[in-house]
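Inspection log for the structure reproduced underneath, given as C-alpha cells.
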Amino acid sequence: MISFESDYTVGAHEKILSRMQEMNLVQQKGYGGDAICESAKEKIRKACKCEQAQIQFLVGGTQANSIVIASCLERYEGVVAAQTGHVSVHEAGAVEYTGHKVLELPGHDGKLEAGELSDYLKTFWEDGNHEHMVFPGMVYISHPTEYGTLYSLKELQEISAVCREYGIPLYLDGARLGYGLMSRDTDVSLPDIARCCDVFYIGGTKVGALFGEAVVFTKKNMPKYFMTMVKQQGGLLAKGWLLGLQFDTLFTDNLYGRISKHAIDMAELLKKEFQKKGYEFFIESPTNQQFIIMENEAMERLKSKVAFGFWEKYDENRTVVRFATSWATKKEDVEALCGMI
C-alpha cells in the first residue's frame, strides 16, 4: 500500500532525527528557555527579514490556532474566516471552545476576498445594534488554503489594508506554509507575509518536523504573558528544546525550502499524469494537494492499493478525492500510482 493520504503520515527529516540523537542526553532548560530555541528564533527572524519578530513554539496546529485567536481577542470578539477555512470546518470547534465565535464569510476557492471583507466590517460598524452582536476582532486566512490555493501578493496586501483600516489583526495559518512558498505559481515570500500579517505560524508538523509550529508575532504585538496562556491551554511543551531543535534544523541551509520544493515537484509530476489520462480536477491547486474527480467504481478499486483522502461527494456517480504529496514523497511511489490510474 502506498499513501498519498496526507502530508503528516511519516516521521521527520533525517537531519532532525540525527540532531535529536546527538542532543538526547544534553541537559537543557525547560519550556523553551534554552539556547537551541533562541538560535531557531534568530534564524526565523532572519528568514522573515523581521528583526522585531517575537516567536513562540507550540506543539501543533490546532493549539496554535485556538490559542493565538483566543489570546488576541477580547471576550466579546470573534474571528472572521472563510466558510471553508480550517478553523471553520476541521478543528472540532476548538476556537468556539475558548468562547470565541468563528464569523464566516464566503470562500472563493478557499480564499477570502478583500472587498467582501471590507463590506462586512463596514456593515457591522454601521449597524446601530452592533453592541448586541459578536464583534469582528481578527481576520483568519490560511496559505495554502484548505483547497491548496494561494493568495497572490496583491490579494494579501489588500486584505492586510482592510485589517489596518479597521484596526484588527490579520492572522495567517501556515500549516503548509513551506509548500505555498515553494509553489511555482506564487509571488509571495516569507518577508511579504511578515510585512502583511500581524501574526502567523510556520508549520513544522506537515513540513519535515515530527511535530510543532512556530508562531511569529511581527509587530512587537505578542500578547502579555502569552507563554502563560499557551501553557494554560495545553500548547506548551516541557521539553521545549525538541521544538527549537527541529526549527533550528529546518532553517539551516534552507532545508525548509528545499524539502518543500520536493513536495511541489512530486505534486506537479502527479498532476501531469492525471491530466494525461483525462481526469477532471475539482480545483486548480498549485501546491502539494491535488483534488481529482473520480468515478466511484474506479475510486473503490484504487482504495485497495493506494491510500488517499475523501474530500466530498461530487454527484451520484463521482467523488472528489485528495492526493497529497509531502517532503518525504518518493518519486517511485508517484510513478506507481500513475501506473494504476
Next item on the list: Given the conditions (1) farther than 19 Å from residue 40 by Cβ; (2) crowded, with 21+ Cβ neighbours inside 10 Å; (3) basic (Lys, Arg), report the number of the one that residue 164 does not fulfil.
Entry: (2)
Next item on the list: Taking the residues in segment 20-38 that are in contact with a Leu (Cβ under 8 Å, 6 or more places away or on another chain) and part of a loop (DSSP other than H, G, I, E, B) as candidates, determine which candidate is surrounded by the most Cβ atoms within 10 Å (Cβ to Cβ).
Entry: 32
Next item on the list: Please state which one of 151, 140, 171, 179 is crowded, with 24+ Cβ neighbours inside 10 Å, among the hydroxyl-bearing types (Ser, Thr, Tyr) and touching a His at 6+ places or on another chain (Cβ under 8 Å).
Entry: 151
Next item on the list: Sort through 188, 215 and tell me the only one that's surrounded by fewer than 22 Cβ atoms within 10 Å (Cβ to Cβ), modelled with pLDDT of 95 or more and touching a Phe, Trp or Tyr at 6+ places or on another chain (Cβ under 9 Å).
Entry: 188
Notebook entry, point to check: Can you spot a residue in segment 223-237 that is aromatic (Phe, Trp, Tyr) and within 18 Å of residue 91 (Cβ to Cβ)?
Noted result: no
Checklist line | residue 246 vs. criteria assigned by TED's automatic domain parsing to the domain that holds residue 159, in contact with a helix residue (DSSP H, G or I) (Cβ under 9 Å, 6 or more places away or on another chain) and without any contact (Cβ under 8 Å) to a residue 40 or more places away in the chain | finding: no
Notebook entry, point to check: Would you say residue 66 is in the same structural domain as residue 86 (by TED's automatic domain parsing), among the small types (Gly, Ala, Ser), more than 26 Å from residue 329 (Cα to Cα) and at pLDDT 95 or above?
Noted result: yes
Next item on the list: Give me the pairs, please: first residue somewhere in segment 115-128 and part of a helix (DSSP H, G or I), second residue anywhere and surrounded by 11 or more Cβ atoms within 10 Å (Cβ to Cβ) and among the polar types (S, T, N, Q), beta-carbon distance under 6 Å, and either six or more positions apart or on two chains.
Entry: none
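Let's see how each residue does on (1) farther than 30 Å from residue 59 by Cβ; (2) in contact with a Phe, Trp or Tyr (Cβ under 9 Å, 6 or more places away or on another chain):
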{"site": "242", "(1), (2)": "no, yes"}
{"site": "247", "(1), (2)": "no, yes"}
{"site": "259", "(1), (2)": "no, yes"}
{"site": "271", "(1), (2)": "yes, yes"}
{"site": "281", "(1), (2)": "yes, yes"}
{"site": "305", "(1), (2)": "yes, no"}
{"site": "317", "(1), (2)": "yes, no"}
{"site": "321", "(1), (2)": "no, yes"}
{"site": "331", "(1), (2)": "yes, no"}
Item checked: Residues located in segment 183-219, provided they are farther than 21 Å from residue 157 by Cβ, among the aliphatic types (A, V, I, L, M) and not in a strand (DSSP E or B) -> 207, 209, 210
Next item on the list: Please identify the pairs in which a residue from segment 39-56 that is in the same structural domain as residue 178 (by TED's automatic domain parsing) has its Cβ atom under 8 Å from the Cβ atom of a residue that is assigned to a loop (DSSP other than H, G, I, E, B) and of a type in the set (Ser, Thr, Tyr), counting only partners at least 6 apart or on another chain.
Entry: 43/252; 48/218; 50/218; 52/218; 53/218
Check: Can you tell me which residues in segment 105-126 are within 18 Å of residue 144 (Cα to Cα) and acidic (Asp, Glu)?
Finding: 109, 113
Next item on the list: Tally the residues that are touching a Lys or Arg at 6+ places or on another chain (Cβ under 8 Å), assigned to a helix (DSSP H, G or I) and closer than 22 Å to residue 186 by Cα, restricting the search to segment 231-269.
Entry: 5
Next item on the list: State the number of residues belonging to segment 296-334 that are assigned to a strand (DSSP E or B) and surrounded by 13 or more Cβ atoms within 10 Å (Cβ to Cβ).
Entry: 11
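The values are calculated or read from the model by the stated rules, or taken from the named source; none is laboratory data. Not measured: the values here are computed from a predicted model. Positions of Cβ are generated from backbone atoms using ideal geometry, with glycine treated the same way; all protein chains shown enter the neighbour counts.
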